[in-house]
Structure formats: C-alpha cells, structure tokens
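Reviewing the structure listed below.
The values are calculated or read from the model by the stated rules, or taken from the named source; none is laboratory data. Just so we're clear, the structure is a prediction, and the values are computed from it rather than from any experiment. Note that we place each Cβ from the backbone using ideal geometry, even for glycine, and neighbour counts take in every protein chain shown. Note: accessible area is taken over every heavy atom of the protein model, side chains too, but ligands, DNA and RNA are not part of it. Shrake-Rupley method; radii C 1.70, N 1.55, O 1.52, S 1.80 Å.
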Amino acid sequence: MTTTSAPPSPPQPKRRVGDRVFAGTAKGSGILILLILAGVAAFLVSEAIPAITAPAEDIPGGEGLAHYVWPLIVGTLLGAVLALLIATPLAVAIALYVTYYAPRRLAAAMGYVIDLLAAIPSVVYGFWGLAVLAPTLVPFHEWAADNLGFIPLFEGPASSTGRTMLTVGIVLAVMILPIISAISREVFGQAPALHREAALALGATRWEMIKMAVLPYGKSGVIGGAMLGLGRALGETMAVAIVLSGGGAAALTLITSTNPSTIASNIALRFPEATGLGVNTLIASGLVLFVITLAVNMLARWVVNRRADFSGAN
Amino acid sequence: MKLSSTTRATTLSVALAATLALTACGASNESDAGTSGGDSAAELSGDLIGAGASSQQAAMEAWQAGFEGEYPDVTFSYDPAGSGAGREQFIAGRSDFAGSDAALDEEELASAQERCAGGEIFELPNYISPIAVVFNLEGVDELNLQPATIAGIFTGAITNWNDPAIAADNPDATLPDQPITAVHRADDSGTTDNFTDYLFQTAGDVWTSEPDGEWPLPGGEAANQTSGVIGVVESTVGAITYADASRAGDLGVVSVAVGDDFVAPSAEAAAAVVENSPAVEGRGEYDFAIEVNRQTEGSGEYPIVLVSYHVGCIEYDDQETADNVKAFMEYVISEDGQQAAADNAGNAPISDSLREQAQTAVDAITAAG
C-alpha cells in the first residue's frame with residue numbers, strides 16, 4: 001500500500017494564523033518606529049528650513065541662527081557633561097555596593113529605592129533644585145568664587161541665588177543616577193562567577209576581585225548606561241527651565257548668574273509666545289538637539305561594540 | 001494649558017459662584033442698554049472663540065464665568081496661545097476676536113481689515129495692569145527711584161543698594177551695603193516688553209536696547225514666568241525685579257519718578273495714564289489703540305503699565321457671531337465685568353471715559369448685509 005501512494009512530500013511548515021499575526025505585528029511595530037523617527041526628523045527639517053534660509057537679521061537676536069543656537073549648544077553640553085561626570089562614578093559605586101558589598105536583603109531594598117528615583121517627574125526635581133538645592137549651595141558658590149576663582153570654570157561673581165549651571169548639573173546628575181546605576185548593576189551582577197571565584201581563590205581581596213573580574217566585564221555596560229543617562233540629561237527640559245538662570249552668552253562658567261540656557265529649556269520657555277520665524281528658529285534649535293542626541297547614541301554604540309570583544313559580554 | 005471650554009466652565013462655575021451671582025444681577029441692567037436687534041439676551045447661542053495674550057488669562061476666566069452666567073447657551077473658549085498667535089488666528093479667521101498685548105502693526109491692520117466684512121476693526125484697551133518694580137531688602141518697604149536709576153540697576157551699572165544714585169532720592173531710608181541681584185524674565189513676555197519700553201523711553205542714556213518681549217541684555221539673573229521671578233526675589237535678599245503689581249505681596253515696591261513726584265503702582269494711577277495717553281494716529285473710528293505715555297509728567301499717573309487689547313471686527317459675516325462678540329464686549333467693559341476681572345486678576349479697571357469710548361465701538365458691532 002505504501003508503495004502506491006505518492007512519496008510523502010517534505011513536511012510543509014504549517015503556518016498557523018497565530019504565527020502570521022505575530023510575525024506581522026512584530027514587523028509592523030519595527031517599521032512603525034522607523035516611520036515615527038523619520039516623521040519627526042522630516043518635521044524638524046521642514047519646519048527648520050525657513051529659519052535656516054532666513055536672513056540673519058530676522059532671527060530673534062538679529063545676528064543669525066548660528067549666533068542664536070551656539071550658546072544653547074554650549075549650555076546643553078556643559079550641563080549634561082557636568083551631570084555625567086558627577087553621576088557616573090557615583091552610579092558605579094552604588095552598583096558595586098549593591099551587587100557585591102551590601103547584605104542581600106538591603107541590596108534588594110536599595111535597588112528598589114534607586115529605581116524609584118527614576119519615577120519622580122522632572123518638574124519635581126526642578127522644584128527641589130530651586131527651593132532646596134540652590135539656596136543650600138549659595139555658600140559653596142561664594143567659597144568657590146573666593147578660593148577656586150583662578151580656574152576659569154569657577155570665575156565669579158558668585159550667584160546670590162544658586163540658580164547656576166553647577167546646581168543644574170547636580171540636579172541632572174541625580175536624575176540620571178538611577179539609569180546608569182540600574183544598568184551597571186545588571187552587568188556587574190552578570191560577571192561570570194567562575195572568574196570571580198578564580199580571582200578570590202588566587203588570594204585576591206574583594207576589591208582586587210572587582211578590579212580584575214567585574215569591572216573589565218562590566219565596562220561596556222557602564223558606558224552604555226552613561227550614554228543613556230547623557231541622552232536624558234541633554235534633553236531634560238522642565239528641571240533646567242525651573243532651576244537655571246539662563247539666557248546668557250556661550251561662556252564656560254559654573255557659578256555666576258549668567259549662564260547659557262539649554263536647547264530644550266529654551267524651547268519650553270520661548271515657545272508659548274513665539275510666532276512666525278521665531279517658531280522656526282526654535283524648531284531649528286530642536287533639530288540641532290536631535291542631531292546631538294543622535295551623535296551621542298551612535299558614539300555610545302560604537303564604544304560599546306569596540307569594547308565588546310574584550311569584555312566577554314558576548 | 002489649553003483647557004477645553006467645558007472643563008474650564010465646570011471648574012469655574014464652582015469656583016466663581018459668587019462672581020456668577022453678581023454678574024447675573026448686572027445682566028438685567030445691561031441687556032436693555034446693549035442689544036440693538038431686539039433679541040433678548042438669553043436667546044444668544046452658538047460659539048464665541050477668542051485667542052491671544054496669556055496676560056489676560058486670569059481676567060478672561062472671570063469674564064468667561066460672568067458671560068456664561070449671563071448667556072448659558074453660548075459656548076465660549078479662549079486659547080491663551082500668546083499675543084502674536086492670537087493676532088494671527090484672528091486675521092486668519094480662525095477666531096472671532098483676539099487678545100493682544102500690542103496693537104496691530106500696519107501690516108496686520110491691513111490683513112485684519114480684509115478679514116472683516118466692512119473693513120473696519122475695533123481695538124479696545126480692556127485690560128490694564130500696572131507693572132510694579134519690587135525688591136527684597138530688610139527694613140526697607142518702599143523706595144523712590146528715577147527711571148535712569150532703575151535702568152542702571154537692570155543693566156548692571158549700579159551694583160549695590162547703598163549706591164549714591166539710590167540714596168539721593170531716599171534720604172530717609174537706611175540702605176544696607178548689599179549687592180543688588182536684578183532678576184528678569186527668562187521667557188518671552190508682554191511684561192518685559194512694556195518694562196523695557198518704559199526704560200527705553202525714559203532712560204535713553206542708560207538704557208539703549210530696543211523694547212522687546214525677550215530680555216535684550218546678556219547676563220543677569222533670569223527666572224521663568226511671573227511666579228518664578230517673584231519666587232527668586234522673595235528668597236533672595238537684595239534682589240529686585242518687575243512683575244504684575246497684583247503679585248507684589250509683601251515685597252518692597254518702588255515708586256517711580258513722574259515729573260517732580262514719585263508715584264507708586266495702583267489701579268487708579270495705571271488707569272489714569274492710559275486715559276491720558278495719545279491714540280495711535282491714522283486708525284479707524286473704533287480703533288482705540290494707544291501709545292502709552294511713558295514720559296508722562298502728570299501727577300498720579302503711573303507709566304509702567306501693560307495694556308492688553310481686544311481686537312475684533314465691527315462687521316461680522318453672520319448675525320450669531322456679531323451678537324455674541326457684542327454681548328461679550330458689552331460685558332467686559334461693564335463695571336461688573338471690569339470688577340470681576342480685577343477681583344480675579346488684580347488688574348486695574350478701566351476708567352469711565354475709556355468705558356464710554358469703548359461703548360461706541362461695541363454699539364457699532366453688526367452683521368454684514
């Protein structure tokens with residue numbers, strides 16, 4: 001009987017409806033995110049073009065787009081980099097403590113509390129910065145102007161309100177701390193037990209074990225987390241708008257009242273009353289921020305990929 | 001920020017129940033004075049759409065509450081999108097009237113005349129608000145300052161409270177050796193525009209920047225919105241700023257030099273300067289745009305005021321819109337309307353002669369055809 005029947009065709013992959021629906025939605029979602037990104041980019045570019053092509057004297061400030069945007073770029077980068085410098089070492093230390101030093105129960109609770117920091121709305125951070133942190137830091141500003149004034153960054157006169165780039169940097173650092181520490185905690189926790197135990201078995205102290213086995217392994221993760229944090233700090237709007245006394249020229253000073261504003265907070269402050277070309281100028285500055293953020297992300301990806309070979313993360 | 005008119009109406013109807021009750025009393029008096037076509041007040045219906053200056057927002061909430069109490073069938077909305085946006089929307093025909101901190105410029109006037117059926121518009125200075133120069137100084141509640149001194153403080157030329165220029169006009173005050181922190185608005189605002197206009201016109205030697213809604217000088221302490229600048233001054237000894245006079249609170253208030261006198265901000269002094277300011281020339285019959293006389297020497301006139309207009313058509317395409325705009329403006333310029341706004345926003349009610357002047361425009365509002 002078997003000989004007469006047609007040879008069994010190779011088993012057709014049976015495509016169920018569920019499979020197709022799932023594949024379709026997954027693919028659709030992937031395409032959708034690209035479309036949204038492309039849509040945002042297209043909107044920014046098309047709305048920015050009138051400002052880019054307009055004669056210089058029509059741009060708010062009267063001296064052209066580059067002159068308008070430059071201080072904002074400086075302010076954005078200054079605040080974000082300052083935040084990163086403060087937050088990254090702190091976040092790494094927190095992550096190491098939680099993963100390798102803290103008692104297990106405390107570690108779980110701490111991880112939870114740190115994640116909670118990320119859930120606080122930025123406007124609350126802004127008010128905290130304005131009402132608590134800025135006045136508290138005024139004496140430090142005065143001290144810095146008197147004692148560190150020879151460093152250009154700390155050149156006086158010190159602000160009497162504390163609403164400075166330094167305060168903004170600290171507020172932003174607190175805001176990005178949970179992002180960096182959460183990712184660092186994840187990668188540190190995944191450091192291979194074999195490596196760690198081997199290091200300890202060879203007589204390494206706990207610090208040496210971390211230095212030899214954990215940090216090299218987690219480096220790419222920490223950098224990735226830091227770049228995510230940087231992205232958040234670059235785009236932060238409300239907290240900066242509330243805390244910073246902005247509107248100044250592009251100057252690298254941390255403790256005076258005259259600070260360059262940041263792109264995002266400048267848009268938030270000016271947009272409600274802006275009309276005509278003013279709106280286009282603001283959107284053009286938004287385009288600049290878009291490009292900066294994109295560059296930061298690409299840089300982060302490149303760094304992570306470059307390090308990937310050494311880390312053993314793959 | 002854009003509340004839908006229904007949600008706003010619900011909140012307000014509770015919050016301003018008292019105002020509603022008051023204005024309901026006023027309604028019966030006005031309806032016989034205003035309407036021309038003989039249609040009774042309660043019959044108005046449809047939409048009334050306004051957009052523009054956010055400075056008027058608090059007053060507009062009071063006006064809306066009062067107006068809706070009087071004409072419950074009219075759906076009123078006001079989008080505080082900003083003066084410029086308000087003028088644009090009105091000219092484009094997307095709103096029935098605009099609220100604007102500045103009168104229309106030549107170009108806008110021409111487009112607005114095209115937009116309106118009969119080619120004639122009204123501009124009514126219906127919202128007048130004194131801008132106070134306020135400061136935080138221990139033991140000093142009031143100061144007399146010359147315009148040039150104020151300009152010097154805000155440009156950074158005068159840096160200490162014991163400066164001879166300040167002391168000269170305040171022989172009785174004990175001025176401490178305290179650095180001055182001059183605070184200005186970080187956002188684009190009509191308050192800044194009027195304040196810089198005042199400095200530009202009265203302290204030309206010291207203040208050379210053209211008036212602008214955005215603070216024209218680099219440097220200095222900046223804060224967001226009125227609440228922001230007031231907050232900074234309240235928490236910083238030695239700070240000074242300019243803000244809507246209703247927000248001065250416990251801060252020290254500057255009396256500015258007018259002629260040989262010093263005048264403190266008050267509703268009466270603000271209304272007085274507006275009343276005595278010259279009209280912008282070459283405007284239509286019902287266009288009451290004024291050029292605030294910053295250099296006034298009249299006694300009891302306070303020159304740092306923000307004047308915000310209502311801009312609309314004398315002739316609308318349809319009867320419903322014309323009736324609604326007319327009824328609304330009628331209410332806004334009425335004593336009740338002005339008082340309701342003043343209670344809610346702390347601005348200065350318009351004077352009787354301004355009311356009479358505005359009334360001629362309101363009476364003229366009709367529908368085309």
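Structural remarks
- When segment B:241-255 is limited to residues that are aliphatic (A, V, I, L, M) and either open to solvent by 40 Å² or more (accessible area, probe 1.4 Å) or over 18 Å from the mean Cα position of the chain (by Cα) (or both), the one that is nearest to the other protein chains (Cβ to nearest Cβ) turns out to be B:251.
- Test: residue in segment B:307-317 that is outside any strand (DSSP E or B), under 14 Å from residue B:123 (Cβ atoms) and in contact with a strand residue (DSSP E or B) (Cβ under 8 Å, 6 or more places away or on another chain): yes
- Top-ranked residue of segment A:274-287 - restricted to ones that are closer than 20 Å to residue B:218 by Cβ and in a helix (DSSP H, G or I), ranked as farthest from the other protein chains (Cβ to nearest Cβ): A:285
- Total residues in segment A:53-104, condition assigned to a loop (DSSP other than H, G, I, E, B) and without any contact (Cβ under 8 Å) to a residue 60 or more places away in the chain: 7
- Candidates B:286, B:302, B:331, B:309 - the one that is in contact (Cβ under 8 Å) with a residue 24 or more places away in the chain, more than 30 Å from residue B:254 (Cβ to Cβ), open to solvent by less than 30 Å² (accessible area, probe 1.4 Å) and not β-branched (Val, Ile, Thr): B:331
- Cβ-Cβ under 8 Å pairs, at least 6 apart or on other chains, segment A:150-173 side without any contact (Cβ under 8 Å) to a residue 60 or more places away in the chain and within 14 Å of chain B (Cβ to nearest Cβ), far side surrounded by fewer than 24 Cβ atoms within 10 Å (Cβ to Cβ) and in a helix (DSSP H, G or I): A:162/A:133; A:162/A:135; A:162/A:136; A:162/A:137; A:162/A:138
- Qualifying residue in segment A:247-255 (condition: in a loop (DSSP other than H, G, I, E, B), of a type outside the set (A, V, I, L, M, F, W, C) and at positive phi): yes
- Checklist (1) open to solvent by 20 Å² or more (accessible area, probe 1.4 Å); (2) in contact (Cβ under 8 Å) with a residue 12 or more places away in the chain; (3) within 14 Å of another protein chain (Cβ to nearest Cβ) applied to residue B:238, failing item: (1)
- Residue check, residue A:245 of a type outside the set (Asp, Glu), within 12 Å of chain B (Cβ to nearest Cβ), crowded, with 22+ Cβ neighbours inside 10 Å and more than 19 Å from residue A:138 (Cβ to Cβ): no
- Considering the conditions (1) modelled with pLDDT of 90 or more; (2) closer than 26 Å to residue A:273 by Cα; (3) open to solvent by 10 Å² or more (accessible area, probe 1.4 Å), residue B:210 is excluded by exactly one of them, (1).
- Some residue of segment A:129-138 being of a type outside the set (Val, Ile, Thr) and more than 14 Å from chain B (Cβ to nearest Cβ): no
- Considering B:132, B:173, B:157, the condition of being more than 13 Å from chain A (Cβ to nearest Cβ), open to solvent by less than 10 Å² (accessible area, probe 1.4 Å) and not charged (D, E, K, R) is satisfied by B:132 alone.
- Verdict on residue B:258 being within 9 Å of another protein chain (Cβ to nearest Cβ), among the β-branched types (Val, Ile, Thr) and either surrounded by fewer than 21 Cβ atoms within 10 Å (Cβ to Cβ) or within 19 Å of residue B:151 (Cα to Cα) (or both): no
- Only residues that are assigned to a loop (DSSP other than H, G, I, E, B) and either modelled with pLDDT of 90 or more or more than 9 Å from every other protein chain (Cβ to nearest Cβ) (or both) were counted in segment B:176-207, giving 9.
- Taking segment A:261-273 as the range and being of a type outside the set (Gly, Ala, Ser), open to solvent by less than 20 Å² (accessible area, probe 1.4 Å) and more than 10 Å from chain B (Cβ to nearest Cβ) as the test, the residues that pass are A:262, A:263.
- For segment B:67-159, the strands (runs of 3 or more DSSP E) that sit wholly inside it and include 3 or more residues that are outside the structural domain of residue B:175 (by TED's automatic domain parsing) are B:74-79, B:97-100, B:121-135.
- Within segment B:112-128, considering residues that are among the hydrophobic types (A, V, I, L, M, F, W, C) and under 13 Å from the mean Cα position of the chain (by Cα), the one nearest to residue B:316 (Cα to Cα): B:124
- Check on residue B:351, outside the structural domain of residue B:79 (by TED's automatic domain parsing) and at pLDDT below 90: no
- Tally, over segment B:52-78, of residues that are on the phi < 0 side of the Ramachandran plot, within 14 Å of chain A (Cβ to nearest Cβ) and surrounded by 21 or more Cβ atoms within 10 Å (Cβ to Cβ): 4
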